[in-house]
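All remarks here apply to the structure that follows.
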Amino acid sequence: MKFLEYTPLDRLNDFLSHLNLGERTIKGCLEAYSCKHTGTDKKLSLSLENEMLDYLGKSSDTDSPSPADVLLSRSSRKTLIYLVLTLYHMYPDYDFSAMKAHQFFTAESWDSFKQIFDTYMFEASKEWIETNGGNSLLDSLYKALDEVVKLADCEIYSYNPDSDADPFLERGAIWSFNFFFYHRKLKRVVSFRFCCLSNLVTEEFLMAELAYEEDGEIFDDMDM
């Protein structure tokens, strides 16, 4: 996977990097990647494929519906591997288990994404119009994504892990969403994560951390 730079994404990232709305802060980030293997991608891909096939074999012993159903198609497994590789490149120090990841990725439509975006990014959208004028935030996002991954031919996935397995989740998070826009023919993925943080919780944490550091300095100066 190779990180790709696109100016339209940069403009949105600049706006969403730290949008302070008083009691809350909206943060968002868009990253584009080529699905061409680099570095250890090939070895990791093979490992993920083997793990999924092993899981698929174990799941076939039961008659009940299983998240493994999505792994029956080789094309679906390949898509999942690209999405997991994207996660690894976004967070190289985090361990993503294929066994969990395939249960946490859900296929979405643009309409379902739009509904979530309109609901949770309402205030951010108002701020965008006041700051930039012209097209709405959603329209600007659509245009930028379309330039990179051609939305009409794009597959959309949401990533919804447990909170304990979510590297996206920040301290003070009120809500958080993670979407991936994948174009199969272009072999290109755009990740879009956006969240809302409580400024009160963040400030309390920073104050507590500062107090702890000051206490540490006092003990450092003491002759034990």
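The values are calculated or read from the model by the stated rules, or taken from the named source; none is laboratory data. Quick caveat: nothing in here was measured; it's all calculated off a predicted structure. A quick note on method: Cβ atoms are made from the backbone with ideal geometry, for glycine too, and the neighbour counts reach across all protein chains shown. What goes into the accessible areas is simple: the full protein's heavy atoms, side chains included, and nothing from ligands, DNA or RNA. Shrake-Rupley method; radii C 1.70, N 1.55, O 1.52, S 1.80 Å.
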- line: If you go through Leu30, Leu9, Leu53, Leu44, the only one that is part of a strand (DSSP E or B) and either in contact with a strand residue (DSSP E or B) (Cβ under 9 Å, 6 or more places away or on another chain) or not acidic (Asp, Glu) (or both) is Leu30
query: Would a scan of the stretch 2-22 turn up a residue that is exposed (fewer than 11 other Cβ atoms within 10 Å of the Cβ), in contact (Cβ under 8 Å) with a residue 60 or more places away in the chain and closer than 26 Å to Trp128 by Cα?
result: yes
task: State all residues of the stretch 165-187 that are more than 15 Å from the chain's Cα centre (by Cα) and open to solvent by 50 Å² or more (accessible area, probe 1.4 Å); if no residue qualifies, say none.
output: Arg171, Ile174, Arg184, Lys185, Leu186, Lys187
message: Restricting to the stretch 26-61, name every residue that is acidic (Asp, Glu) and either exposed (fewer than 11 other Cβ atoms within 10 Å of the Cβ) or touching a residue at least 40 places away in the same chain (Cβ under 8 Å) (or both).
response: Glu31, Asp41, Glu51, Asp61
message: Within the stretch 145-154, does at least one residue satisfy the condition of being over 18 Å from Met90 (Cβ atoms) and within 16 Å of the chain's Cα centre (by Cα)?
response: no
task: Tell me which residues, restricted to the stretch 142-164, are of a type outside the set (A, V, I, L, M), modelled with pLDDT of 90 or more and open to solvent by 80 Å² or more (accessible area, probe 1.4 Å).
output: Tyr142, Lys143, Glu147, Lys150, Asp153
- request: Considering every residue within the stretch 119-126, establish whether at least one is among the aromatic types (Phe, Trp, Tyr) and over 20 Å from Tyr33 (Cβ atoms).
  value: yes
- prompt: Do you know which residues across the stretch 91-121 are modelled with pLDDT of 95 or more and part of a helix (DSSP H, G or I)?
  reply: Trp110, Asp111, Ser112, Phe113, Lys114, Gln115, Ile116, Phe117, Asp118, Thr119, Tyr120
Residue in the stretch 190-201 that is open to solvent by 90 Å² or more (accessible area, probe 1.4 Å) and either at pLDDT below 95 or in contact with a Lys or Arg (Cβ under 7 Å, 6 or more places away or on another chain) (or both) present: yes
